[in-house]
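Visitor: This is the structure I have questions about; it appears just below.
The values are calculated or read from the model by the stated rules, or taken from the named source; none is laboratory data. It should be emphasised that the depicted structure is a prediction, and the values quoted were computed from it without experimental measurement. In this analysis, Cβ positions are derived from the backbone assuming ideal geometry, glycine residues included, and neighbour counts consider all displayed protein chains. Surface accessibility is based on the protein's heavy atoms, side chains included, excluding ligands, DNA and RNA. Shrake-Rupley method; radii C 1.70, N 1.55, O 1.52, S 1.80 Å.
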Amino acid sequence: MTTLKNDRFLRALLREPVDTTPVWMMRQAGRYLPEYRETRAKAGDFLSLCKNNDFACEVTLQPLRRYDLDAAILFSDILTVPDALGLGLYFEAGEGPKFHKTIRTEQDVASLPNFNAKSDLDYVMNAVSTIRSALGGQVPLIGFSGSPWTLATYMVEGGSSKDFRYTKQMMYAQPEVLHALLDRLAIAVIDYLNAQIDAGAQAVQIFDSWGGALAHREYIEFSLNYMQKIVAGLKREKDGRKVPVILFTKGGGQWLEPMVATGADAFGLDWTTPLNVARQTVNGRAALQGNLDPATLYGTPASIEKATKAMLDDAYAHGEKTGYVANLGHGITQWVDPANPKVFIDTVHEYSAKYL
Ligand code: CP3
């Protein structure tokens with residue numbers, strides 16, 4: 001076992017003392033980096049990039065060479081799970097992800113094949129172990145999955161959606177069918193994340209990208225309850241170290257109270273929630289992660305520095321000493337100038353020390 005040289009990300013998630021605020025960026029490996037586009041061209045396409053462990057490892061490490069990040073995140077996609085369930089994931093140039101098959105009926109749910117993460121997604125586990133050894137203890141490695149609700153929207157709609165017409169139709173007209181699908185997905189996600197932890201992931205994040213599209217009662221019933229089931233089924237310790245779990249519901253800042261009840265270690269917030277208010281709500285019961293508007297990175301070095309400092313002032317407004325990980329409020333976009341994330345990341349490290 002190589003020792004972890006920088007563990008402030010794990011320590012902050014577990015609300016242990018830190019020397020400075022840890023920071024990473026959702027979607028930190030991606031198209032805004034010319035070296036990513038170059039590796040993707042070598043691989044052929046996005047899915048081939050995910051399926052080749054040397055390429056997946058290379059793109060995971062690319063942002064760490066440019067910036068002083070406190071965590072690496074596995075390069076893969078949340079949609080590998082529905083792909084392994086036989087839906088046939090593909091990407092068309094200029095469009096979002098699509099599936100050859102959709103799930104619309106009770107029969108469709110019943111005919112989903114058995115899922116075993118280690119054998120059906122062995123390329124993901126190979127990527128995790130390759131990246132973990134390439135990191136050599138530099139920073140921890142984050143594994144991830146989509147939430148059952150978010151995965152279900154892609155499976156029912158057959159791709160990305162703005163209004164979730166078919167998924168919401170199923171939710172209101174045939175809730176038992178959606179529950180059966182979510183149940184299958186929760187079991188698959190538990191297996192998938194535990195396999196990533198076995199392969200070397202040192203923390204895990206559940207991306208509930210579309211939880212915020214739900215009404216408040218439906219959020220609890222169709223999204224949060226299944227994430228709670230996952231939290232309860234995860235290995236929370238490996239090789240004598242805790243493996244923190246982060247839930248990120250985009251648009252979910254108003255539901256922090258029920259989220260805390262899931263027992264997850266940390267909650268990700270988007271930019272619509274004031275961090276000082278969120279800290280008061282959570283009141284030391286969990287850590288928080290977020291929440292700079294990713295569009296801030298379209299600004300100037302001076303405007304990025306100013307917005308980052310304001311975010312940190314909010315995060316530590318009540319005299320807290322830990323329990324906070326800086327991040328964007330959602331993924332970095334492909335249009336960001338690669339010079340700009342450095343301003344965000346260095347400002348977090350330099351400015352936050354005064355609070356700790
Ligand atoms: O954070 C990282 O650097 C790790 C890699 C990662 C990707 N996708 C790579 C990717 C992670 C953590 C994801 C998660 C993901 N995938 C989510 C949840 C996070 C979120 O943004 O809400 C969702 C909803 C998806 C589904 C997905 N994959 C979409 C909607 C798209 C197309 C839209 C887009 O951003 O291009 C993808 C493709 C995808 N996944 C790309 C990358 C780098 C772009 C593909 C390319 O290189 O052309």
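Visitor: Would you tally the residues in the range 58-71 being more than 9 Å from the ligand (Cβ to nearest atom) and open to solvent by less than 10 Å² (accessible area, probe 1.4 Å)?
Guide: In the first step, residues of the range 58-71 are kept if they are more than 9 Å from the ligand (Cβ to nearest atom); the result is 58, 61-62, 64-71.
If we keep only those that are open to solvent by less than 10 Å² (accessible area, probe 1.4 Å) too, we end up with 62, 69-71.
Qualifying residue count, the range 58-71: 4.
Visitor: Looking at Leu89, Leu112 in this structure, which one is open to solvent by 10 Å² or more (accessible area, probe 1.4 Å), more than 12 Å from the ligand (Cβ to nearest atom), of a type in the set (A, V, I, L, M, F, W, C) and at pLDDT 95 or above?
Guide: Leu112
Visitor: Please find, within the range 317-341, the residue that is nearest to the ligand (Cβ to nearest atom) out of those that are aliphatic (A, V, I, L, M), under 24 Å from Tyr355 (Cα atoms) and open to solvent by less than 30 Å² (accessible area, probe 1.4 Å). Full working, then the answer.
Guide: Within the range 317-341, the subset aliphatic (A, V, I, L, M) is 317, 325-326, 328, 332, 336, 339.
Of the ones still in play, those that are also under 24 Å from Tyr355 (Cα atoms) are 317, 325-326, 328.
When the remaining residues are screened for being open to solvent by less than 30 Å² (accessible area, probe 1.4 Å), the result is 325-326, 328.
Values: Val325: 14, Ala326: 15, Leu328: 10 Å.
So the residue we want is Leu328.
Visitor: Going through the range 192-210 one residue at a time, which ones are buried (at least 24 other Cβ atoms within 10 Å of the Cβ), more than 13 Å from the chain's Cα centre (by Cα) and over 19 Å from Ala134 (Cα atoms)?
Guide: The answer is Tyr192, and nothing else.
Visitor: If we only count strands (runs of 3 or more DSSP E) wholly inside the range 53-163, which ones have 2 or more residues that are in contact (Cβ under 8 Å) with a residue 60 or more places away in the chain and farther than 24 Å from Arg241 by Cα? It would help to see each step written out before you state the result.
Guide: Numbers: elements: 89-91, 97-99, 141-146.
Here the list reads 97-99.
Visitor: Would you confirm whether any residue within the range 299-309 is within 20 Å of Gln62 (Cα to Cα) and either assigned to a helix (DSSP H, G or I) or free of Cβ contacts under 8 Å to residues at least 12 places away in the same chain (or both)?
Guide: No, the range 299-309 contains no residue that is within 20 Å of Gln62 (Cα to Cα) and either assigned to a helix (DSSP H, G or I) or free of Cβ contacts under 8 Å to residues at least 12 places away in the same chain (or both).
Visitor: Can you find even one residue in the range 128-137 that is away from the ligand (no atom under 16 Å from the Cβ) and either of a type in the set (A, V, I, L, M, F, W, C) or open to solvent by 60 Å² or more (accessible area, probe 1.4 Å) (or both)?
Guide: Here is the first cut: in the range 128-137, the ones away from the ligand (no atom under 16 Å from the Cβ) are 129, 133, 136-137.
Remaining after also requiring either of a type in the set (A, V, I, L, M, F, W, C) or open to solvent by 60 Å² or more (accessible area, probe 1.4 Å) (or both): 133.
Yes, the range 128-137 contains a residue that is away from the ligand (no atom under 16 Å from the Cβ) and either of a type in the set (A, V, I, L, M, F, W, C) or open to solvent by 60 Å² or more (accessible area, probe 1.4 Å) (or both).
Visitor: When both residues are 6+ apart or on different chains and their Cβ atoms are under 6 Å apart, which pairs have a first residue that lies in the range 168-196 and is within 11 Å of Ile230 (Cα to Cα), and a second that is aliphatic (A, V, I, L, M) and open to solvent by 10 Å² or more (accessible area, probe 1.4 Å)?
Guide: As it stands, the answer is Leu193/Leu234, since those pairs meet every condition given.
Visitor: Shifting gears a bit: From the list Gln196, Gln169, Gln205, pick out the single residue that is modelled with pLDDT of 95 or more and not in a helix (DSSP H, G or I). Lay out the reasoning, then the answer.
Guide: Working: Gln196 fails: not in a helix (DSSP H, G or I); Gln169 fails: not in a helix (DSSP H, G or I).
Being modelled with pLDDT of 95 or more and not in a helix (DSSP H, G or I) holds for just one of Gln196, Gln169, Gln205, which is Gln205.
Visitor: Among the residues in the range 295-304, are any under 21 Å from Arg11 (Cβ atoms) and buried (at least 24 other Cβ atoms within 10 Å of the Cβ)? Full working, then the answer.
Guide: Going through the range 295-304, the residues under 21 Å from Arg11 (Cβ atoms) turn out to be none.
No, that holds for no residue.
Visitor: Let me ask something else. Does the range 278-292 include one or more residues that are of a type in the set (A, V, I, L, M, F, W, C) and over 30 Å from Asp77 (Cβ atoms)? Walk me through it before giving the result.
Guide: First, pick out the residues of the range 278-292 that are of a type in the set (A, V, I, L, M, F, W, C): 278, 282, 286-288, 292.
Filter again for over 30 Å from Asp77 (Cβ atoms), leaving none.
The answer is no; no qualifying residue exists.
Visitor: Separate question: Suppose we filter the range 200-220 for residues that are in contact (Cβ under 8 Å) with a residue 40 or more places away in the chain and away from the ligand (no atom under 16 Å from the Cβ); how many remain?
Guide: Step one: list which residues in the range 200-220 are in contact (Cβ under 8 Å) with a residue 40 or more places away in the chain, which gives 200-214, 218.
From what is left, the residues that are away from the ligand (no atom under 16 Å from the Cβ) are 218.
Residues in the range 200-220 being in contact (Cβ under 8 Å) with a residue 40 or more places away in the chain and away from the ligand (no atom under 16 Å from the Cβ): 1 in total.
Visitor: Taking the stated definitions as given, is Gly290 touching a residue at least 12 places away in the same chain (Cβ under 8 Å) and buried (at least 24 other Cβ atoms within 10 Å of the Cβ)? Quick ask: steps written out before the conclusion?
Guide: On the way: touching a residue at least 12 places away in the same chain (Cβ under 8 Å): yes; buried (at least 24 other Cβ atoms within 10 Å of the Cβ): yes.
So Gly290 fits the description; yes.
Visitor: Kindly indicate the residue of the range 140-157 that is open to solvent by 10 Å² or more (accessible area, probe 1.4 Å) and farther than 20 Å from Leu234 by Cα and also farthest from the ligand (Cβ to nearest atom) among those meeting that condition. Please lay out each step first, then the result.
Guide: Within the range 140-157, the subset open to solvent by 10 Å² or more (accessible area, probe 1.4 Å) is 144, 154, 157.
Filter once more, keeping what is farther than 20 Å from Leu234 by Cα: 154, 157.
Numbers: Tyr154: 7, Glu157: 11 Å.
Among those residues, the one meeting the criterion is Glu157.
Visitor: When you check Ala43 against the structure, is it among the small types (Gly, Ala, Ser) and near the ligand (Cβ under 9 Å from one of its atoms), yes or no?
Guide: Numbers: among the small types (Gly, Ala, Ser): yes; near the ligand (Cβ under 9 Å from one of its atoms): no.
Considered against the rule, which asks whether it is among the small types (Gly, Ala, Ser) and near the ligand (Cβ under 9 Å from one of its atoms), Ala43 comes out as no.
Visitor: Quick one: Val243 ticks every box in (1) within 16 Å of the ligand (Cβ to nearest atom); (2) within 29 Å of Ala201 (Cα to Cα) bar one, so which box is it?
Guide: Here Val243 meets the rest and fails (1).
Visitor: Restricting to the range 18-38, and then to whatever is in a helix (DSSP H, G or I) and more than 10 Å from the ligand (Cβ to nearest atom), can you tell me which residue is surrounded by the fewest Cβ atoms within 10 Å (Cβ to Cβ)? Lay out the reasoning, then the answer.
Guide: Keep residues of the range 18-38 that are in a helix (DSSP H, G or I), which gives 34-38.
In the following step, the residues that additionally are more than 10 Å from the ligand (Cβ to nearest atom) were identified as 34-35, 38.
On the way: Pro34: 10, Glu35: 16, Glu38: 13.
Only one residue tops the list, namely Pro34.
Visitor: Sort out which residues of the range 214-237 are closer than 20 Å to Ala203 by Cβ and open to solvent by 50 Å² or more (accessible area, probe 1.4 Å), and write them in order of number.
Guide: Selection gives Gln228, Lys229, Ala232, Lys235, Arg236, Glu237.
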